[in-house]
Amino acid sequence: MKVPFRWLGEYVDIDVSPEEFARRMTMAGLEAEKIDYVGDTWDKVYVADVLEVSPHPDADRLVLADVEAGEHRLTVVTGAPNIAAGQKVALALAGAKLIDGYADELKYKTLKPGKIRGITSEGMVCSEKELGLSDEHEGIVVLPDDAPVGVPLVDYLGDAIIEFEITPNLVHAFSMVGIAREASAVLGTTLRLPVQATLSDYPARHNLVTIDAPDLNARYVGVVIDGVRVEPSPGWMAQRLARAGVRPVNNLVDITNYVLLEMGQPLHAFDLRTLGTGKIVVRRGLDGETIETLDHRKRDIDESMLMITDGERSVGIAGVMGGVNTEVTDDTSCILLESATFDMVNIRHTSRTLKLRTDASTRFERGLDPELALAAAQRAVALILELCPGATIVSYDDTYPQPVAPRSVSMPMSRFQRVLGIEIGQERIVDVLTRLDLQPEITGDTLTVAVPTWRKDISIPEDVVEEVARIVGYAELPATLPTGKSPVVERDPMFLLERRVRSVLAAGGMWEGRSYATIAEDEVARWSTASSIALTATIPANATVRLLNPVNTERPLLRPSLLPSLLPAVSENLKHQAEVRLFEIAHVFWGNGAGQLPSEPSHLAGVVAGRRTTLDRFAPESTEMDFWDAKGLVDSVASRLGLSLGFERLVHPALHPGRAATVTTGDAPIGVIGEVHPSLAADFGIDVRVAAFELNLDAVLAAVPDAQGIQVKADPFLPVEQDFSIVVDTSTPAADVQHALLKGAGPLATGITLFDVYQGEAIGEGKKSLTFRVTFTAPDRALTDKELEKVRKRIEKTLSRTLSASLRG
């Protein structure tokens, strides 16, 4: 969101620089992404008064303008068609750096004195393009009558545009007033709200607005205003809109955009003459309905969308864009002003379905406060009455079926210190909460705040604590080292299990693959039975999870099993190689009923297919892989995990009869294994055997005898490594040497590795030297050199006594 610094100053006093302001707002939770400056290149450019304009003696299209800017008084030659005596203009003196108004690309030029048709011109009256305000170059900039003559233009018209990143939870700050409200709390200054009209002073017409879908339209304020005139907006409004990134159109359209930026509430103006019934009816769309929107594109509507109608035809898509059939035109004299609150989810759905994102839909998608609708309508009415002196309020209707109930949050005062770890005085807490308009009240040790309707992000005590902390400043939180005992390092058991399974399967010649988490309906149907989805018998019936807005409409389901995604991969790989060995470890999704999040157990699935290509002189004939290859892989995984498996006959239409089984451990099923039915394989163009298995790793983890045994233990004390070179007879097995070495080392030895064998003249004939690296660790202390020296002597004695071995020096 672009925030002009000067405009912001209308609502709150800011006594710091734009840079410091941006920093302090960022520290308070509103990130300022960048600052753009207007007028930072306006050196030697001043506000000037046009004293006299006279014709150029030698040019019909040029004039001579006598201008004065403080101590500077000179004559300039200009061809601007709109210059006149008495105007306040922007005067650039020689040496000023301006944008070349005649260049197509951005190009700067330095102004120099020169003669134009025999007349010396020592300056220039500037256009908007030359100053970088817009692309307009036909005429000069005419400043307001109260512009101070002689003042540098940058002091009068310069500005800083701060761009804030407004996250979805900060919709209350998505406006000039919202930023000003935050700024007043951060800076401790007074907030000045914009002037509003009072609609209750005007006639109410209770049948002006009808809401037929109250679940999608919380509030609708309609105001009929007669006697308006469509004309250009005043300069101050056009300038503020342009600097905020909105193109000025005319006064009525600009007022709706101005209030959108100022208060965060989208508005829309209908030409009342084009509303057939003169009323507004808010209803759901009709299948097959169409409407031409203001961008002159025809939109297809369905019953999921909310429409604004006049009771006979649609005149706008609620919260997104109005219809061209009720557009305000140059001869519009009577309007119906809309200020409403629409359901955020519905607006987001409509905007995405139509691929039509607007400033209005962006606000509605974040969830607006229904109380804002009336305030924004009254602000717009005040501006219309100001800019259209002949306008009158005919009637209004404020339809508000279910007003928002007030909310409050109560908490003990001690919660602040418990959560933040520092003590903040009660007086300071009350001051901060008052600045945030939370109306704090303290009874005993209990603090109660009244949550404003626009602060939907405050619902629990911790939210209140956060508000105080960010305004007080996170920099005041002290930096302290953690105290107490370090927690035991424990890695996720499922992660460790999956890593171990990967290691086993990779050692068995398998390759790991990745498939999409979504799946087509026909793929699920191929693997389904009447009682279960996919292969795993533990999946509940009809447990598929359908996406409301799938990225790929051909794959609208979250996969309930991994195998349906692996079979197409087998088909593709068999086109390029004789054998396929694939496995995948990933989450599957089982539905738990409407309104409930799905279960996401971790599964392992594997497939083997094709002919074995291992070069083996004892098995010269290549044979097809089958059920037993898959079972061997499952058995390897089970053996590595210490599981005892059982296999029970399984009848499933997707598997070959007589070659399928349910995998169990104890009495609990943990997966399935079998050969894919030839007819199903043929559907994918596969004419060889395909053996597959799928295991529920959540069930496997629960059945592992010592689940904690797969944890990686972190020793509290650093280990010590020492190398031992042991000279023994050549006939002595290395295993005997290792056994004697560990026996002498005792319980302090936690690891041993043989890494070198040497034979040579240096140790004598018939001898060899075996070098082991031994790791020593004590569970309750750090080992000292003295302790290790005792262990080394004990090892030396044990080796000498049992193997007649010696340690090399």
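The values are calculated or read from the model by the stated rules, or taken from the named source; none is laboratory data. In this text the structure is predicted, and so the values were computed from the model without any measurement. Cβ sites come from the backbone with ideal geometry, for glycine too, and all protein chains shown count toward neighbours. Side chains included, ligands, DNA and RNA excluded: accessible areas come from the protein's heavy atoms. Shrake-Rupley method; radii C 1.70, N 1.55, O 1.52, S 1.80 Å.
Given the structure, is PHE772 aromatic (Phe, Trp, Tyr) and open to solvent by less than 80 Å² (accessible area, probe 1.4 Å)? Considered against the rule, which asks whether it is aromatic (Phe, Trp, Tyr) and open to solvent by less than 80 Å² (accessible area, probe 1.4 Å), PHE772 comes out as yes.
Selection of the stretch 665-694 for residues being open to solvent by less than 10 Å² (accessible area, probe 1.4 Å) and within 16 Å of LEU604 (Cα to Cα) yields ILE670, GLY671, VAL672, ILE673, GLY674, ALA691, ALA692, PHE693, GLU694.
Of everything in the stretch 113-131 that's open to solvent by 50 Å² or more (accessible area, probe 1.4 Å) and in a loop (DSSP other than H, G, I, E, B), which residue is nearest to GLY86 (Cα to Cα)? Steps first, answer last, please.
Keep residues of the stretch 113-131 that are open to solvent by 50 Å² or more (accessible area, probe 1.4 Å), which gives 113, 115-118, 120, 122, 128.
If we keep only those that are in a loop (DSSP other than H, G, I, E, B) too, we end up with 113, 117-118, 122.
Working: PRO113: 24, ARG117: 25, GLY118: 26, GLU122: 20 Å.
Top of the filtered list is GLU122.
The residues of the stretch 466-478 that are surrounded by 10 or more Cβ atoms within 10 Å (Cβ to Cβ) and assigned to a loop (DSSP other than H, G, I, E, B), listed by number, are GLY473, LEU477.
In summary, GLU761 fulfils each of the numbered conditions (1) open to solvent by 30 Å² or more (accessible area, probe 1.4 Å); (2) in contact with a strand residue (DSSP E or B) (Cβ under 8 Å, 6 or more places away or on another chain); (3) not in a helix (DSSP H, G or I) with the single exception of condition (2).
Answer yes or no as to whether LEU481 is outside any loop (DSSP other than H, G, I, E, B), farther than 30 Å from PRO678 by Cβ and at pLDDT 80 or above. Working first, answer last.
Details: outside any loop (DSSP other than H, G, I, E, B): no; farther than 30 Å from PRO678 by Cβ: yes; at pLDDT 80 or above: yes.
When the stated conditions are applied, LEU481 does not pass them.
Residues checked against (1) at pLDDT below 95; (2) open to solvent by 10 Å² or more (accessible area, probe 1.4 Å); (3) among the aliphatic types (A, V, I, L, M):
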residue: LEU306; (1), (2), (3): no, no, yes
residue: THR309; (1), (2), (3): no, no, no
residue: GLU312; (1), (2), (3): yes, yes, no
residue: ILE317; (1), (2), (3): no, no, yes
residue: MET321; (1), (2), (3): no, yes, yes
residue: ASP330; (1), (2), (3): yes, yes, no
residue: ILE335; (1), (2), (3): no, no, yes
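Looking for something surrounded by fewer than 19 Cβ atoms within 10 Å (Cβ to Cβ), at pLDDT below 90 and outside any loop (DSSP other than H, G, I, E, B) - is there at least one such residue anywhere in the stretch 154-169? Checked against the condition, which is being surrounded by fewer than 19 Cβ atoms within 10 Å (Cβ to Cβ), at pLDDT below 90 and outside any loop (DSSP other than H, G, I, E, B), the stretch 154-169 yields at least one hit.
Among the residues of the stretch 361-420, those that are open to solvent by less than 50 Å² (accessible area, probe 1.4 Å), of a type in the set (Gly, Ala, Ser) and under 34 Å from the mean Cα position of the chain (by Cα) comprise SER361, GLY367, ALA373, ALA375, ALA376, ALA377, ALA380.
So which residues in the stretch 422-460 are in a loop (DSSP other than H, G, I, E, B) and among the basic types (Lys, Arg)? Spell out the reasoning first.
The first filter runs over the stretch 422-460 and keeps only residues in a loop (DSSP other than H, G, I, E, B), leaving 422-425, 436-440, 444-445, 452-460.
Those that are in a loop (DSSP other than H, G, I, E, B) and among the basic types (Lys, Arg): ARG455, LYS456.
The lone criterion from (1) open to solvent by 20 Å² or more (accessible area, probe 1.4 Å); (2) within 19 Å of LEU267 (Cα to Cα); (3) out of contact with any Gly (no Cβ under 7 Å at 6 or more places or on another chain); (4) among the hydroxyl-bearing types (Ser, Thr, Tyr) left unmet by THR353 is number (2). Within the stretch 737-758, if we keep just the residues that are among the β-branched types (Val, Ile, Thr) and assigned to a strand (DSSP E or B), the residue that is farthest from ALA782 (Cα to Cα) turns out to be VAL757.
Within the stretch 787-801, is even one residue open to solvent by 30 Å² or more (accessible area, probe 1.4 Å), out of contact with any Leu (no Cβ under 6 Å at 6 or more places or on another chain) and within 15 Å of THR732 (Cα to Cα)?
First pass over the stretch 787-801, keeping only residues open to solvent by 30 Å² or more (accessible area, probe 1.4 Å): 787, 789-790, 792-794, 796-797, 800-801.
Then drop every residue that is not out of contact with any Leu (no Cβ under 6 Å at 6 or more places or on another chain), which leaves 787, 789-790, 792-794, 797, 800-801.
From the residues that got through so far, the ones that are within 15 Å of THR732 (Cα to Cα) too are 800-801.
There is at least one residue in the stretch 787-801 that is open to solvent by 30 Å² or more (accessible area, probe 1.4 Å), out of contact with any Leu (no Cβ under 6 Å at 6 or more places or on another chain) and within 15 Å of THR732 (Cα to Cα).
Scanning the stretch 641-664 for residues that are surrounded by 15 or more Cβ atoms within 10 Å (Cβ to Cβ) and outside any strand (DSSP E or B) turns up LEU641, LEU643, LEU645, LEU650, HIS652, ALA654.
Answer with yes or no whether ILE140 is surrounded by 14 or more Cβ atoms within 10 Å (Cβ to Cβ), at pLDDT 95 or above and either under 30 Å from ILE308 (Cα atoms) or touching a strand residue (DSSP E or B) at 6+ places or on another chain (Cβ under 8 Å) (or both). Reasoning before the result, please.
On the way: surrounded by 14 or more Cβ atoms within 10 Å (Cβ to Cβ): yes; at pLDDT 95 or above: no; either under 30 Å from ILE308 (Cα atoms) or touching a strand residue (DSSP E or B) at 6+ places or on another chain (Cβ under 8 Å) (or both): yes.
No: the conditions fail for ILE140.
Identify, please: which residue in the stretch 266-286 is under 20 Å from ALA340 (Cα atoms) and among the hydrophobic types (A, V, I, L, M, F, W, C) and is, among those, surrounded by the fewest Cβ atoms within 10 Å (Cβ to Cβ)? Here the answer is VAL281.
In the set (1) out of contact with any helix residue (DSSP H, G or I) (no Cβ under 8 Å at 6 or more places or on another chain); (2) touching a residue at least 40 places away in the same chain (Cβ under 8 Å); (3) under 18 Å from VAL221 (Cβ atoms), THR309 fails one condition alone, (2). Taking the numbered list (1) in a strand (DSSP E or B); (2) more than 20 Å from GLN378 (Cα to Cα) in turn, ASP215 passes all entries but (1).
Please go through the stretch 84-136 and give me each residue that is of a type in the set (S, T, N, Q) and within 17 Å of VAL50 (Cβ to Cβ), ordered by number. It would help to see each step written out before you state the result.
First, pick out the residues of the stretch 84-136 that are of a type in the set (S, T, N, Q): 87, 110, 120-121, 127, 134.
Within the stretch 84-136, GLN87, SER121, SER127 qualify.
Annotation: GLU386 fulfils all but one of (1) part of a loop (DSSP other than H, G, I, E, B); (2) among the charged types (D, E, K, R); (3) without any contact (Cβ under 8 Å) to a residue 12 or more places away in the chain; the unmet one is (1).
Here is a check on your reading of the model: is GLU289 buried (at least 20 other Cβ atoms within 10 Å of the Cβ) and within 23 Å of TYR220 (Cβ to Cβ)? Answer is no for this residue. Tell me, which residue of the stretch 63-112 that is in a loop (DSSP other than H, G, I, E, B) and of a type in the set (Lys, Arg) is farthest from GLY123 (Cα to Cα)? Among those that are in a loop (DSSP other than H, G, I, E, B) and of a type in the set (Lys, Arg), it is LYS107. Applying the criterion of at least 3 residues that are modelled with pLDDT of 90 or more to the helices (runs of 4 or more DSSP H) found wholly in the stretch 489-605 leaves 493-507, 563-574.
Scanning the stretch 720-738 for residues that are hydrophobic (A, V, I, L, M, F, W, C) and over 17 Å from LYS797 (Cα atoms) turns up VAL720, ALA734, ALA735.
Has the stretch 719-733 got at least one residue that is assigned to a helix (DSSP H, G or I), touching a strand residue (DSSP E or B) at 6+ places or on another chain (Cβ under 9 Å) and either surrounded by 14 or more Cβ atoms within 10 Å (Cβ to Cβ) or free of Cβ contacts under 8 Å to residues at least 12 places away in the same chain (or both)? No, the conditions are met nowhere in the stretch 719-733.
In this structure, does ASP463 turn out to be of a type outside the set (S, T, N, Q), more than 29 Å from THR167 (Cβ to Cβ) and not in a loop (DSSP other than H, G, I, E, B)? No, not satisfied.
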